[in-house]
Amino acid sequence: MAQRIPGQQQAVPPPESADLADPAFWALPRSARLAAFAHLRTLPGPVRFGEGTGKPFHALVRHADVSGASRRPRDFTSAPGVTTPEPAAWAKALFGNSMVNLDGAEHAELRRIVSRSFTPRLLAAAEENVREVARRIVDEMIARYPSRGAAADFVPAVASRMPFEVICDLMGIPGEMRASIAARIDRASENVGVRRGLRVPGRGVAALARMQWEMARLGRERRLRPADDLVSALVAADVDGRGLTARQLGAFFSLLLVAGVETTRNAIAHGLDLLTAHPEQRALLESDFDRYADGAVEEIVRHSTPIIQFRRTVAAECELGGHRFLPGEKVVLFYASANRDEAVFTDPDVFDITRDPNPHLGYGGGGPHYCLGAHLARQEMKALFRELLTRTEGLRAVGEPGLVDSSFDNRVRSMPFALGAP
């Protein structure tokens with residue numbers, strides 16, 4: 001496998017030699033990785049990678065296979081874990097098990113409690129708050145960067161703030177807790193989560209522990225003094241006497257922040273980059289925002305695919321896409337490949353905000369683990385881009401986004417942007 005040499009241009013191997021189990025593959029330019037996925041989609045069945053590592057897996061790269069496995073949770077289970085590495089038993093005992101790693105009745109019960117907590121009143125208030133947060137962020141961006149043409153970093157200035165502030169408002173996180181939580185999200189998401197030079201999820205143990213302790217304390221306070229927020233709704237007992245325990249609340253909050261904040265912030269950052277690189281699509285969106293906004297959001301998510309992959313474990317001998325799978329085998333659902341499948345999307349590498357239909361798998365492949373926060377994420381992106389495109393002049397990305405080498409997510413660490421004429 002070709003390796004990067006400091007100070008030299010990176011050698012890009014041919015697509016047919018790609019090894020998805022090699023961290024070096026995930027350090028290749030994104031275009032090279034997408035070309036490798038395109039080659040894999042032409043092969044007759046799922047390719048097995050990682051034979052020499054002791055942790056082999058089958059790569060599901062076609063839209064039909066990723067969607068099919070997602071909708072068959074009895075054959076392809078989320079337990080013992082959907083990420084690499086899988087969560088250790090001690091971590092589950094200490095922090096509780098995330099909803100994404102559960103199956104069957106246990107998953108359904110947790111999802112029911114969470115879904116029940118999103119009352120119509122809470123959802124209506126959340127949607128109004130999304131619009132208010134978007135206006136405030138753009139107000140502050142305009143005030144903070146009055147110097148036209150001066151570059152700044154779009155990620156901390158705008159992209160990461162939007163989902164973080166919306167989720168904290170929704171949950172009812174007190175203002176004095178937010179700075180420490182934001183710092184711990186960054187540590188849990190990037191600084192600790194590196195193995196062999198490759199970003200992996202779930203390594204920020206100390207940061208997660210402290211964050212979950214703070215949420216448990218807040219949950220206890222809300223049980224005694226409920227407020228009009230999601231934490232109060234989650235910990236309140238329903239007619240069956242069930243609410244989230246302190247540990248379940250902490251696990252859910254970690255999922256909501258690391259998943260909800262990270263994925264939406266990355267989609268927003270990629271969105272500005274895509275609209276800058278495709279001025280004709282931006283002009284179309286600006287010509288009638290209400291008409292094209294929904295399509296633009298879906299196409300940004302499809303084209304960027306913030307979560308690259310999740311894994312499943314084969315529970316029983318079964319067949320999918322003409323291949324026979326055996327119990328205990330691992331399969332990896334590559335959403336980044338499924339969203340470029342030529343069998344589903346015409347000209348899949350083209351960014352087209354009028355694409356219709358657009359059955360992308362950016363929020364999962366359907367089934368019981370379809371993203372609970374998909375509607376909120378769409379609302380956040382739509383509200384923010386409305387403010388950005390209608391209230392600023394010459395807003396654009398300047399330079400390439402700083403991407404993080406990762407087999408898990410399409411993370412944007414930084415992206416320079418500017419206002420005014422070039």
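The values are calculated or read from the model by the stated rules, or taken from the named source; none is laboratory data. It should be emphasised that the depicted structure is a prediction, and the values quoted were computed from it without experimental measurement. As a convention, Cβ positions derive from the backbone with ideal geometry for all residues, glycine included, and neighbour counts pool all protein chains shown. Accessible surface is based on the protein model in full, side chains and every heavy atom, while ligands, DNA and RNA are left aside. Shrake-Rupley method; radii C 1.70, N 1.55, O 1.52, S 1.80 Å.
State yes or no: is PRO23 in contact (Cβ under 8 Å) with a residue 40 or more places away in the chain, within 19 Å of ASP409 (Cβ to Cβ) and open to solvent by less than 60 Å² (accessible area, probe 1.4 Å)?
Judged against the criteria, PRO23 is a match.
Output the residues belonging to the stretch 382-395 that are at pLDDT below 95, in contact with a Gly (Cβ under 7 Å, 6 or more places away or on another chain) and either buried (at least 21 other Cβ atoms within 10 Å of the Cβ) or polar (S, T, N, Q) (or both).
none
Looking at the stretch 154-177, which of the residues that are of a type in the set (Asp, Glu) and under 20 Å from the mean Cα position of the chain (by Cα) is farthest from PHE118 (Cα to Cα)?
GLU165
Would you point out the residue of the stretch 307-344, among those that are over 21 Å from ASN358 (Cα atoms) and charged (D, E, K, R), that is most open to solvent (accessible area, probe 1.4 Å)?
ARG324
Take the residues in the stretch 345-381 that are β-branched (Val, Ile, Thr) and without any contact (Cβ under 8 Å) to a residue 60 or more places away in the chain, then tell me which one is surrounded by the fewest Cβ atoms within 10 Å (Cβ to Cβ).
Among those residues, the one meeting the criterion is THR346.
For the stretch 274-306, name all the residues that are surrounded by fewer than 22 Cβ atoms within 10 Å (Cβ to Cβ), in a helix (DSSP H, G or I) and charged (D, E, K, R).
Correct list: GLU280, ARG282, GLU286, ASP290, ARG291, ASP294, GLU298.
What number of residues within the stretch 49-89 satisfy the criterion of being at pLDDT below 95 and of a type in the set (Lys, Arg)?
So the answer is 1.
Among the residues of the stretch 36-63, which ones are of a type in the set (A, V, I, L, M) and within 17 Å of VAL314 (Cα to Cα)?
VAL47, ALA59, LEU60, VAL61
Working carefully through the options ASP153, ASP186, ASP139, find the one that is of a type outside the set (Phe, Trp, Tyr), surrounded by fewer than 20 Cβ atoms within 10 Å (Cβ to Cβ) and within 30 Å of ARG311 (Cα to Cα).
Checking each option against the conditions leaves just ASP186.
Do you know which residues across the stretch 250-273 are touching a strand residue (DSSP E or B) at 6+ places or on another chain (Cβ under 9 Å), closer than 16 Å to ARG378 by Cα and either of a type in the set (Asp, Glu) or open to solvent by 20 Å² or more (accessible area, probe 1.4 Å) (or both)?
Hits for the stretch 250-273 are ALA259, GLU262, THR263.
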